[in-house]
Amino acid sequence: MTMASMQPLLEARQLFKNYGKVVAIDHADLQLFPGEVLGVIGDNGAGKSTLIKCFSGAVVPDRGEIYVDGERVHFTTPN
């Protein structure tokens, strides 16, 4: 099975998060497929922690969509 025919386990589409005038994430897209290992790297202040916090529910993105196993989810807490 190729990645093109697989559904991502985790997907972000056009995530955006700002804190006042500071833009932490600007239209982030991500797909994580079964068996794939993904590293998130970047400069200090690039939005890495904010992105991961959006996936965990610790931060709610201002815009965009998150999908788990193809189903749209909306996390509001880490629980």
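Every number here is computed from the coordinates shown, using simple stated rules; none is lab data. Remember, predicted model here, so these are calculated numbers, not experimental data. Cβ sites come from the backbone with ideal geometry, for glycine too, and all protein chains shown count toward neighbours.
Using the Cβ of Ala24 as centre and a radius below 14 Å, the other residues enclosed give a net charge of +2, where K and R count +1 and D and E count -1. In loop segments of region 1-51 as defined by DSSP, the trypsin sites (Lys or Arg not before Pro) with at most 13 further C-beta atoms inside 10 Å of their C-beta are Lys21. Taking amide H atoms as placed 1.01 Å from N in the peptide plane, the amide H of Leu10 lies under 5 Å from those of Leu32, Asp69, each 5 or more residues away in sequence or on another chain.
For region 6-15, backbone phi angles converted through the Karplus equation (6.51, -1.76, 1.60; θ = phi - 60°) give residue-by-residue couplings of 8, 8, x, 6, 9, 9, 10, 10, 6, 5 Hz, Gly and Pro being listed as x. Specify whether the C-alpha gyration tensor of the chain places it in the rounded, prolate or oblate class, a ≥ b ≥ c being the square roots of the eigenvalues: rounded for a/c under 1.5, otherwise prolate if a/b is larger than b/c and oblate if not. Prolate is the answer for the chain, as a/c is 1.5 or above and a/b outweighs b/c. 3J(HN,Hα) along region 65-79, derived from phi through the Karplus expression 6.51 cos²θ - 1.76 cosθ + 1.60 where θ = phi - 60°, amounts to 9, 10, 10, 10, 6, x, 9, 5, 10, 9, 7, 10, 8, x, 5 Hz, with x in place of Gly and Pro.
Secondary-structure-derived ellipticity at 222 nm for the chain, considering helices only, amounts to -3000 deg cm²/dmol, per-run term -39500 (n - 2.57) for DSSP H runs with n ≥ 4.
Couplings 3J(HN,Hα) for region 28-41, derived from phi with the Karplus relation 6.51 cos²θ - 1.76 cosθ + 1.60 (θ = phi - 60°), are 7, 10, 7, 9, 10, 9, x, x, 8, 10, 10, x, 10, 10 Hz, where x marks Gly and Pro.
Using a cutoff of 8 angstrom between alpha carbon atoms and counting only pairs six or more residues apart, the relative contact order for the chain works out to 35 percent.
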